[in-house]
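Read-outs: derived from the displayed coordinates by stated rules, not from any lab. This one's a predicted model, so the numbers in the text were calculated from it and none came from an experiment.
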Amino acid sequence: MVTLGGDAVAQVKDTVFDAEAGRITGFTLSGRGLLSGPLRQSLPWSAVHALGHDAVVIRDRRELADTAAVVARREAAQGRVLGARVLTDAGADVGTVLDVVVEGGDSGRVVGFRVAASKDLAPGSRRRRRQVYVPRGETLAVSGRALVMPADAVRHVVGGLAELAALTGGGPGRRSGPESGEGPLS
C-alpha cells in the first residue's frame, strides 16, 4: 500500500469482506518488513484512492483507521478471506483463496476470487495444479475460515482474469487494475 506521494505505508494482510453486500469494506494491514506483524490500524474502503493489480493507493497515511472500526461487523471479525478454503454447498473442495477480484469503480463489489485449485478441481501434483478464477455468485456464504458457494458455480470456473470479466460483465473503472477492469488484491 502506497500514498499518492510514493511512500510505502504497509502491506495488505487480509480483506474485510461483507458477504451480505458482496463487497469489500476495508483491509487489515501488516508492517512492511519480513518479520513485521499486524498493524493496529487498518484501511477502510472509503479511503482507497485507487486499486491496482500491484498496489492499493491512498491519499495520505492519516486515512488509516483503528482496526476495530474497520472490522466492526461480527462476520468480518471472524472470517479471513485470503487463505480461506472454498467449498461448495455439496461439500466439494474447490481450493484456497489467493486473491479477491474487485469490480472497477468505487463500489468495492467483489466479482470473484483467484483460487489455488484443489486436487478434485484440477488433478495433478500440487506443483502442477493451476490457479483458477471463481465468480462470486449471489449466494456466497462466509463462515469462519471458509467460503461456501453453490455447487453449480464450479461450472463457471475460468482460467484467466479476462474470462472472469467477460463472465461477470466487468468493465473498466476508476479503480481498475489490469486492462479487464478488475484488479486482484495481493
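Determine ³J(HN,Hα), in whole Hz, for all residues of the stretch 50-57 in sequence, where each value follows from phi through the Karplus function 6.51 cos²θ - 1.76 cosθ + 1.60 and θ = phi - 60°; x replaces Gly and Pro.
Using θ = phi - 60°, the values come out as 8, 10, x, 4, 10, 7, 9, 10 Hz.
What length, rounded to one decimal in nm, is gained on full extension from ARG85 through to ASP106, with 0.36 nm per residue of separation minus their alpha-carbon distance?
This chain segment gains 4.8 nm when fully extended.
Pull out the extension gain between ASP152 and THR139, defined as 0.36 nm times the separation in residues minus the alpha carbon to alpha carbon distance; nm, one decimal.
The ASP152-THR139 span can extend by a further 3.6 nm.
Quick one: Karplus J couplings for the stretch 108-113, per residue in order, coefficients 6.51, -1.76, 1.60, θ = phi - 60°, nearest Hz, x for Gly and Pro?
Those phi angles translate into x, 5, 7, 9, x, 9 Hz.
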